[in-house]
């Protein structure tokens, strides 16, 4: 019986040490497609920034920017931008408290200031950045960033959510969090795709490593966290795959195939 497989990119498919997807993972995903399964990428990256890796996987759909934009091939089929006035208000509120912010522009980022706290997180995902053009004042955007140390999460994040309830705050680096709509995440993107491909959550299998994969792994029939993933994600996962650099994707897919053949 066919299944639908959702794969995160960074630190799930993409090894940040080499900036490559292991050949074993690409081969295993190719075998999934030959067996009639549907493959979908679900990433926090914008499509342009993710495209080199999406092109290697060649999924049926690409859920990008944590569910805010979905593409079928090169065609955008779903999008929900952030409300501009409220985003500006959030950024102004954070700046008044001495914190920095930024915007994902697809292929690059805008940062309110170029300092190590803002540039280091973007360097880890090889995203260019600039601080001259505040693009969120000119047009719709789909993903913002706030920069503050994770030690402030217990006090600052609840305050942000109370003042700006339309936004969700999801940490992806010790100094950086995503700003996204509370009603939009990878799991809502998965649900949108399943509604159009005829799959139920029980037929869905998802692989992830980070906190932005939490709803997705909890929503699908089988949620698999990478062993190199965040401890909080691993705590809610149904299965733990070996670490990415240990051919974790291929090994887990082989294990699932063996279990399926055994009934």
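The values are calculated or read from the model by the stated rules, or taken from the named source; none is laboratory data. Since this is a predicted model, take the numbers as computed values, not measurements. Heads up, the Cβs are rebuilt from the backbone with ideal geometry, glycines too, and the neighbour counts pull from every protein chain shown.
Of the residues that make up segment 174-185, is at least one surrounded by fewer than 16 Cβ atoms within 10 Å (Cβ to Cβ), more than 20 Å from residue 24 (Cβ to Cβ) and modelled with pLDDT under 95?
Among the residues of segment 174-185, at least one is surrounded by fewer than 16 Cβ atoms within 10 Å (Cβ to Cβ), more than 20 Å from residue 24 (Cβ to Cβ) and modelled with pLDDT under 95, which makes the answer yes.
Tell me, which residue of segment 50-71 that is surrounded by fewer than 24 Cβ atoms within 10 Å (Cβ to Cβ) and touching a residue at least 60 places away in the same chain (Cβ under 8 Å) is nearest to the chain's Cα centre (by Cα)?
In this case the residue turns out to be 69.
If the Cβ limit is 7 Å and pairs must be 6+ apart or interchain, which residue in segment 234-263 that is in contact (Cβ under 8 Å) with a residue 60 or more places away in the chain pairs with which residue that is assigned to a helix (DSSP H, G or I) and surrounded by fewer than 16 Cβ atoms within 10 Å (Cβ to Cβ)?
Taking only residues 6 or more apart or on different chains, the pairs are 250/27.
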